[in-house]
Structures are given as structure tokens and as C-alpha cells.
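Worksheet: one structure, shown below.
The values are calculated or read from the model by the stated rules, or taken from the named source; none is laboratory data. If you're wondering where the values come from, they're calculated on a predicted model, not measured in any experiment. Here Cβ is always computed from backbone atoms with ideal geometry, including for glycine, and neighbour counts include all displayed protein chains. Ligands, DNA and RNA are excluded from the accessible area calculation, which covers all protein heavy atoms including side chains. Shrake-Rupley method; radii C 1.70, N 1.55, O 1.52, S 1.80 Å.
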Amino acid sequence: MRLAIDVTLAYAIDGDADVLLLIEAAAMADQRLEQQDLRVYCDAPIGAQPGFDAIGQRTWVQSSDHFRAEYRAIVAIDRPLLDLATLPATAPHQVAADAVPYLLPSRYCESDRFEGFIHRDFPNLTGGALAAALCAWVRDNLDYASNSSTGETTALATFASRSGVCRDYAHLLVALARAGGIPARCVSAYAPGVDPPDFHAVAELWLDGSWHLVDATGMAPSNEIVRVAVGRDATDIAFMTVFGTAQLLEQRVTVVRLDD
């Protein structure tokens, strides 16, 4: 699968601000960057550093009055579709060291608050069987509704409201998986078929010794998802963080399949 990605961001900046961007597709074994071009229009030099878990790239920008970024890429994805339910369980003490932090609660994923729910509603399920059941539960029990949440909405709030956007679906799935002893992280991503077209958020679950992408909204199969960044929750994967005040002028995200 090959995807063409086209992104434009434009903001009015109130005075001076530092801007942290996370919009470049990550170069990884299962997603190869055939072409990539990031253009940032500002007066000061830009800086770059690795993303969380050394996946993807953070771009630092100093901007005054206005900020504009344009990103274009073609990414080839080589990732087979797997049946999560067939993957075995891994005891917490056997989890790889770099996956251990993803067993723990985080700001937006209060996994410790869901342990009773997991034990009561998913008894005797572990590993991939539990992961598949949790994915189905989130997909079937939440309503996708634009503007139904805010940047402060947590997994627990989404569980109570039973509605949200992709970020909320990802947070809830991640929190439930962690509560069930499955390391889980949030992923910012690009994918075709996202409605409305925008930056996307999905989950990634650690099963049978490796990470597996899951879109709890059901909009994107795992072999059509391009990772941008990974982290504990939305705190680590926001596509843009402004250390100052900014007003949105334009935001456009287009992802197109090239192999159709």
C-alpha cells in the first residue's frame, strides 16, 4: 500500500512563540518514506530532535506574528493484517523493558480505574483474545461525534459519555488494554478514509513480542496507517504544541491511496 500525504498548517501568532511540530511520517521497517518534504515558513532557524521512543521527528520552530508549514510525503506500507485474537498473552514480568511504561496509568489514560471493569466484564480473557474483545467493545459502545470532547477529556470521561473523536477512542482502548495487563500506547497517524479528513489517532498494543496497530474507530485497517509519533497519551503525540498564543487560519490534511 502506497499513500500520498499532503498537509498545510497556517496560524496567526500573538507576538512570539515556540512551536513544536510532530507531522512528519516516521521512517520505520514497516513504512518506507519514498518522498518527503517539510517546508516551514518563519524567520528563525528550525531545529529537529527524535520523537518519543526514537520514533519520528520533532521539529522546533520560533515564530513571530504568523506561522505556516507545508508537508508532502509518499509512504509505502508493508504490514500484514493479523488476527489479534490469535496472539498469546505475555505476563507483565516478561514484557520487554521499553514496553513496561505502557503498562502504567498516564494523564489521559487512567488504566487503574478500569481494572474492576476488565475483571468483571472480560473474565478469563488474556493476550490477543482480550485485545480483540476490547477493540470490539470500544468500537461498538462509543458514538463518533465531532466536538463531543475537549483537549482535557480523559479515558474515564469518554467511558462515561460513550462518545468522542479518534483521540478519545484511542485513549479509552489504551486505558482498557493496560488495565488488562497489555502494554498499550497512543499513536498519531495518517490514514485514508478518515472522516472528516484530519490528523488521526490510533492505539498500538504490545502482543507476542511486538507492537500491533489498532484503529478503534474502525476507519483505518492497520495496513493503511502511517505512524507519525508514539507516546503514553495525547500529551506525547500532539501534532502541534504552541508555547504561546495562536489562532488557526488554515488546516488541511489529505491522504490518498496511490495503488487504487
Select from segment 234-260 the residues that are at pLDDT 95 or above and in contact with an Asp or Glu (Cβ under 6 Å, 6 or more places away or on another chain) and write down the one among them that is farthest from Tyr102 (Cα to Cα). Thr254
Please pick out the residue among Ala136, Ala132, Ala160 that is surrounded by fewer than 13 Cβ atoms within 10 Å (Cβ to Cβ) and either out of contact with any His (no Cβ under 9 Å at 6 or more places or on another chain) or part of a loop (DSSP other than H, G, I, E, B) (or both). Ala160
Residues of segment 20-54 that turn out to be under 19 Å from His212 (Cα atoms), open to solvent by 60 Å² or more (accessible area, probe 1.4 Å) and assigned to a loop (DSSP other than H, G, I, E, B), as a count: 2
Take the residues of segment 104-129 that are open to solvent by less than 60 Å² (accessible area, probe 1.4 Å) and part of a helix (DSSP H, G or I): which is farthest from Asp215 (Cα to Cα)? Gly116
Checked segment 203-226 for anything of a type in the set (Ser, Thr, Tyr) and free of Cβ contacts under 8 Å to residues at least 40 places away in the same chain; matches are Ser210
Only listed residue being open to solvent by 50 Å² or more (accessible area, probe 1.4 Å) and part of a loop (DSSP other than H, G, I, E, B), chosen from Pro80, Pro101: Pro80
Flag if Ile46 is β-branched (Val, Ile, Thr) and out of contact with any helix residue (DSSP H, G or I) (no Cβ under 9 Å at 6 or more places or on another chain): yes
List pairs: first residue in segment 90-114 and under 25 Å from Tyr169 (Cβ atoms), second residue exposed (fewer than 13 other Cβ atoms within 10 Å of the Cβ) and of a type in the set (Phe, Trp, Tyr) anywhere in the structure, Cβ distance under 6 angstrom, at least six positions apart or on different chains. none
Out of Phe117, Phe159, which single residue is in contact (Cβ under 8 Å) with a residue 24 or more places away in the chain and under 19 Å from Ala234 (Cβ atoms)? Phe159
Of the residues in segment 180-207, how many are open to solvent by less than 10 Å² (accessible area, probe 1.4 Å), outside any strand (DSSP E or B) and out of contact with any Leu (no Cβ under 7 Å at 6 or more places or on another chain)? 1
Can you tell me which condition Ala17 does not meet? The list is (1) touching a Leu at 6+ places or on another chain (Cβ under 6 Å); (2) open to solvent by less than 40 Å² (accessible area, probe 1.4 Å), and all the others hold. (1)
